[in-house]
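Accompanying notes for the structure given below.
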Amino acid sequence: MPDNTLRQRDRMIVDFVVRYRLATNAIIGAQILPGRSLNAVAKVTARLCNIGLLKRYMLVPPENYFRAGARAINVLGLPQRSCESLGPQSLPIDYATLIYAMKPNAKRRRLTPEEVTEYMPWLPSELSHSPYCVDAKGNLDHLRVDLGGSPQHVARKVAAAAHDRLLVPQIAELSSRSKFQLVVLTTGTEKANAIAKAIGNTDCSDQIRIRLAIVPRLSFLLLRSN
């Protein structure tokens, strides 16, 4: 972050929030301030909110999430929407993506829009907006988040996403080498099993690797959104 008046730690926190589109005190503590108590981390983020580098919103009471603040978007030249609260679909999608990427020992990171273009310059723009993550070995994950639909509805969406991407020769080639997979993030084991069964009734699972992962707190965000 090109602002020499900011502490290195502050820059790291803001850059993290910009990359993942949100962060929480728990995640900031685990990833950037290890060993600090949650109360100590909260004091750091409160200070960053006070000086306009972060902006606080309610996640699931009493927990907050943070977006870039007005000062941060001015320094980085980001659009105004970067500091606004996330909508009823964006919040669960971005939160689930964050939790998936931060799973212990995962060593994944969410690709920024610029990095998506860098990694996949051949990807059609209409396929570039959903979240993508990359791991330490360069393997790519395309993430689909269950927003509360039936298992059959989720499976249809997953099948459509898989088919659209397999029409891109470079993705088909990566998939054939197990370098590309589609990951479905959902709320619990029972729902994951039902989605897996529904996906099994489509033909997409024979052509691309599909993995299901559970984000338990996703269910609370969906209840809030509804």
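The values are calculated or read from the model by the stated rules, or taken from the named source; none is laboratory data. Values in this document were obtained by computation on a predicted structure and should not be read as measured data. Quick reminder, even Gly has a Cβ in these numbers, built from the backbone with ideal geometry, and neighbours come from all protein chains shown. Note: accessible area is taken over every heavy atom of the protein model, side chains too, but ligands, DNA and RNA are not part of it. Shrake-Rupley method; radii C 1.70, N 1.55, O 1.52, S 1.80 Å.
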#### Entry: Rounded FRET efficiency, nearest 0.05, which uses the C-beta distance separating Thr189 from Glu114 and R0 of 35 Å
0.45
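Please sort by residue number the trypsin sites (Lys or Arg not before Pro) in the stretch 171-226 whose DSSP state is loop and whose Cβ has at most 12 other Cβ atoms within 10 Å. Present the calculation step by step, with values, prior to reporting the outcome.
Values: sites: Arg177, Lys179, Lys191, Lys197, Arg209, Arg211, Arg217, Arg224; in loops: Arg177, Lys179, Arg217.
In loop regions of the stretch 171-226 (DSSP not H, G, I, E or B), the sparsely surrounded trypsin sites (Lys or Arg not before Pro) are Arg177.
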### Summary
Residues whose built amide H sits under 5 Å from the amide H of Arg144, excluding neighbours closer than 5 in sequence, are Val183, Val184, Leu185
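Treat the chain as a sphere of radius equal to its Kirkwood radius over Cα pairs and apply Stokes-Einstein at 4 °C in a medium of 1.567 mPa s; give the translational diffusion coefficient in µm²/s, rounded to a whole number. Present the calculation step by step, with values, prior to reporting the outcome.
Values: Rh = 18.5 Å.
Approximately 70 µm²/s, per Stokes-Einstein.
May I ask you to list the chymotrypsin sites (Phe, Trp or Tyr not before Pro) in the stretch 108-153 that are in a DSSP loop and have at most 10 other Cβ atoms within 10 Å of their Cβ? Write down the numbers at each step before the final one.
Values: sites: Tyr119, Trp122, Tyr132; in loops: Trp122.
The qualifying sites are Trp122.
Among rounded, prolate and oblate, which fits the stretch 1-91 when a ≥ b ≥ c are the square roots of the eigenvalues of its C-alpha gyration tensor, a/c under 1.5 means rounded, and a/b larger than b/c means prolate? Write down the numbers at each step before the final one.
Values: a/c = 1.76, a/b = 1.04, b/c = 1.69.
Oblate, since a/c reaches 1.5 and b/c is not below a/b.
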### Message
Restricting to bridges with both residues inside the chain, how much of the DSSP beta-bridge set is antiparallel, in percent to the nearest 5?
### Response
50
### Query
Rounded to a whole number, what % of the accessible area of the stretch 153-226 do carbon and sulfur atoms account for, probe 1.4 Å?
51
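What whole-number value in cubic angstrom gives the convex hull volume per residue for the C-alpha atoms of the stretch 43-85? Present the calculation step by step, with values, prior to reporting the outcome.
Working: hull volume 2.3 nm³, N = 43.
Spelled out: Cα convex hull of the stretch 43-85, divided by residues, is 54 Å³.
So if a site counts as exposed when it's one of the GluC sites (Glu not before Pro), its DSSP state isn't H, G, I, E or B, and it has at most 14 other Cβ atoms within 10 Å, what's the longest stretch of the chain without one?
Numbers: sites that count: Glu63, Glu84.
That would be 85-226.
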### Query
Distance in nm between label sites at Arg36 and Ser176, each 7 Å beyond Cα in the beta-carbon direction?
4.9
### Query
Could you give the accessible area per residue of the chain, probe 1.4 Å, as a whole number in Å²?
51
